[in-house]
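Reading through the structure tokens given below for one structure.
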Amino acid sequence: MAEGSTVAAYRAVLGSRVRAQLSYRTSFVADLLSNLGIGISEFATIYVVFSRTSTLGGLDVWQASLVFALANVAFALADLLAGHLDNLPTHVRSGTLDAFLLRPLPVLAQLATSDVSLRRIGRVLVGVVVLCVAWPHTGIALDLRAVALLATAVVGGTAIFSALFVIAGACQFWLLDGKEAVNSLTYGGSNAAQYPASLYGTPLRWLFCYVVPAAFVAYLPVLALLGNDGPAGLPSWLGWFSPVAAAALWSVALLLWRQGIRHYTGSGS
């Protein structure tokens with residue numbers, strides 16, 4: 001299939017998903033508000049913590065709010081793009097995955113475009129609002145360097161969480177009923193990214209930096225914005241390397257996904 005036709009096909013599928021959700025406006029608004037509520041309740045946790053202390057992991061409330069905002073925006077965008085890979089076990093058990101294999105398009109791309117949950121935009125909005133409110137209180141100049149670093153963090157963070165969703169999906173080819181187990185990788189990584197990595201002990205800090213690179217989503221970019229180094233092994237310049245961490249994680253994700261597709265035998269076997 002020509003590249004232009006492929007893009008047009010994906011655009012048509014995505015457009016139909018979006019129109020289908022917007023056609024049920026009451027349901028869409030209810031889902032959007034529920035996601036707003038989730039984001040607000042998670043930020044309330046940060047507020048409660050800072051009602052008891054003035055700093056957390058070396059960051060004050062506004063700097064920690066930047067970490068929360070970047071982590072939420074990146075996770076919500078990744079959840080919007082690839083979060084429905086959670087449904088892979090349903091396709092495997094019901095045999096509907098075979099239909100994806102018969103089409104002349106990559107299975108991963110088909111599954112990624114099989115649903116677009118616009119309600120996840122609610123958490124993006126929460127993150128953007130927190131970012132806009134917290135930024136003036138951090139004393140960070142909004143110059144070209146800061147804008148470039150923010151863009152790098154959002155793109156890299158979204159790619160990191162998307163790769164985690166693909167890895168979690170690939171594991172389903174072997175686990176089938178292991179959805180809750182792999183959620184510890186995706187949603188656990190999201191929770192870890194919302195807080196300064198300096199809070200964790202050395203083994204967990206290295207785990208969330210160099211194995212599951214959640215610290216590259218928000219904590220390290222915020223350190224780079226502030227010009228402050230983190231604990232040992234976490235210099236501030238690492239904040240620019242979110243896309244590199246994402247590329248490394250995607251290499252692992254695509255390798256696992258390819259192995260998972262080869263492992264799948266189909267409902268008719």
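Is at least one residue of region 141-152 open to solvent by 40 Å² or more (accessible area, probe 1.4 Å), under 12 Å from the mean Cα position of the chain (by Cα) and modelled with pLDDT of 80 or more?
no
Give region 231-254 a look and list any residue that's open to solvent by less than 40 Å² (accessible area, probe 1.4 Å) and either of a type in the set (Val, Ile, Thr) or over 21 Å from residue 147 (Cα atoms) (or both), or say none.
Selection gives 231, 233, 234, 249, 253.
Of the residues that make up region 72-79, is at least one of a type in the set (S, T, N, Q), closer than 25 Å to residue 201 by Cβ, in a helix (DSSP H, G or I) and in contact with a Lys or Arg (Cβ under 6 Å, 6 or more places away or on another chain)?
yes
Would it be correct to say that residue 170 is more than 16 Å from the chain's Cα centre (by Cα), open to solvent by less than 20 Å² (accessible area, probe 1.4 Å), on the phi < 0 side of the Ramachandran plot and among the aliphatic types (A, V, I, L, M)?
For residue 170, the condition - more than 16 Å from the chain's Cα centre (by Cα), open to solvent by less than 20 Å² (accessible area, probe 1.4 Å), on the phi < 0 side of the Ramachandran plot and among the aliphatic types (A, V, I, L, M) - is met.
Regarding residue 125, is this residue open to solvent by 40 Å² or more (accessible area, probe 1.4 Å), closer than 21 Å to residue 192 by Cα and at pLDDT 85 or above?
In short, yes.
From 200, 219, grab the single residue that is aromatic (Phe, Trp, Tyr), crowded, with 23+ Cβ neighbours inside 10 Å and either more than 26 Å from residue 148 (Cα to Cα) or touching a strand residue (DSSP E or B) at 6+ places or on another chain (Cβ under 9 Å) (or both).
Going through 200, 219 in turn, the sole match is 219.
The values are calculated or read from the model by the stated rules, or taken from the named source; none is laboratory data. Note that this is a predicted model, so its numbers are computed, not measured. For neighbour counting, all protein chains shown are included, and Cβ atoms are generated from backbone atoms with ideal geometry for every residue, glycine included. Please note that ligands, DNA and RNA were not included when accessible areas were found on the heavy atoms of the full protein model with its side chains. Shrake-Rupley method; radii C 1.70, N 1.55, O 1.52, S 1.80 Å.
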